[in-house]
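The values are calculated or read from the model by the stated rules, or taken from the named source; none is laboratory data. Given the structure is predicted, the values throughout are model-derived calculations rather than measurements. Glycine also receives a Cβ, built like all others from the backbone with ideal geometry; neighbour counts cover every protein chain displayed.
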Amino acid sequence: MINVGVIGIGSMGANHVRVYHEMSLEGKVKLVGISDINEKKVYDIAEKYKTKAFTDYKELIKEDLDAVNIVVPTTLHKKVAIDVINRGINTFIEKPITNTLDSANLIINSAKRKKVKLQIGHIERFNSSISKLKELIEKNELGEVVSLSAKRVGPYNPRIRDVGIILDLGAHDIDVITHLYNQRPKSVFTNAGKTIHSKEDRAIIVLNFKNHKSGIVETNWFTPHKTRTLTAVGTKGIAYVDYIEQSLRIYNHEWVKDVKIEKKEPLRLELESFVNCIENNKIPTVTGEDAKQVLEIAIAATKSAKSGKIQYL
């Protein structure tokens, strides 16, 4: 059985704790402890899920742990991750891997040196509708896919202060688009602005791939309701994904088909995958290198927004 801990129990971290608790009830993991600087919150959640509470994560990682999930603000990822990795503990970091390429390289190289598993939380890879779309693309159901367009919009969450919307929300679809194309873009151009945030709070990101394929990400913190969609245009048909509903509809010249999707919580699938790669010594589904590529593209997108120029990768 894998002994796990969670560092950072904001809204997302609390979900990590919940899922691990569910897995512990099934005998799949043991939730050893959780850590957060908010003393009341960490003790309340620890009591709810019958685990140990720590206000200093360095005390938590002294426990007998096989894996730790890091769910703290992005700018703290490097410091916390290096402390965890240096103790030889397998590490899961919520996306993005960190906020700079130098920090990402340090984390990746440290994990290699200590021979620990490193998985990054690009959760939409585990959305059942995206998994199915990837499968159908590989079977040539849509023909050659030439355009992928994502819309990820919704109201602003005040807890997001350390990064702008490109790195916070845009990174999800940058990862999905590069994953579905199975290649990195050649260049990126971004139009972005800020009104309610110290960094950008709205952006249109255009990714240019080889063979004139394109990827478009539209994201903002102004829309009063959440929308999470992806459109894939192929030479033989078009597919529409709704991330929230986990639905996939395909049109071609003859028919419309709602693809059967086995709906499961993406976070549960993601954490099961992490545990499985530790137990069976497998390569994580989303590696540090995968996440570094997303970070590189997101940074280029931010530079493009500031300069008004295409950034080449």
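Residues that are within 21 Å of Arg268 (Cα to Cα) and not hydrophobic (A, V, I, L, M, F, W, C) within the range 41-72 comprise Lys48, Tyr49, Lys50, Thr51, Asp66, Asn69, listed in sequence order.
Flag: Leu60 does not match the condition of being more than 28 Å from Pro158 (Cβ to Cβ) and either at pLDDT 95 or above or crowded, with 24+ Cβ neighbours inside 10 Å (or both).
Looking only at residues in the range 222-269 that are hydroxyl-bearing (Ser, Thr, Tyr) and without any contact (Cβ under 8 Å) to a residue 24 or more places away in the chain, the one that is nearest to Lys28 (Cα to Cα) is Tyr240. Could you please give the count of residues in the range 271-313 that are over 17 Å from Gln183 (Cβ atoms) and β-branched (Val, Ile, Thr)? Here the count works out to 7. In the range 181-214, of all residues being under 18 Å from the mean Cα position of the chain (by Cα) and closer than 18 Å to Glu144 by Cα, the one that is surrounded by the fewest Cβ atoms within 10 Å (Cβ to Cβ) corresponds to Asn182. Look at (1) of a type in the set (Val, Ile, Thr); (2) closer than 24 Å to Thr98 by Cβ; (3) at pLDDT below 95 and you find that Ile196 fails only one, number (2). Taking the listed residues Gly8, Gly33, the one that is modelled with pLDDT of 95 or more, buried (at least 21 other Cβ atoms within 10 Å of the Cβ) and in contact with a Ser or Thr (Cβ under 7 Å, 6 or more places away or on another chain) is Gly33, with no other qualifying. Does Glu272 fit the bill of being out of contact with any helix residue (DSSP H, G or I) (no Cβ under 6 Å at 6 or more places or on another chain), touching a residue at least 24 places away in the same chain (Cβ under 8 Å), part of a helix (DSSP H, G or I) and farther than 25 Å from Gly170 by Cβ? Yes. In the set (1) outside any loop (DSSP other than H, G, I, E, B); (2) in the same structural domain as Phe274 (by TED's automatic domain parsing), Ser129 fails one condition alone, (2). Answer yes if at least one residue in the range 95-109 is under 15 Å from Asp242 (Cα atoms) and not in a helix (DSSP H, G or I), and no otherwise. No, there is no match, as no residue in the range 95-109 is under 15 Å from Asp242 (Cα atoms) and not in a helix (DSSP H, G or I). Applying a threshold of 8 Å to beta carbon distances and a minimum spacing of six or more residues, or different chains, the list of pairs starting in the range 92-111 at a residue that is at pLDDT 95 or above and ending at one that is of a type in the set (Ser, Thr, Tyr) and in a loop (DSSP other than H, G, I, E, B) reads Ala104/Thr98; Ile107/Thr98.
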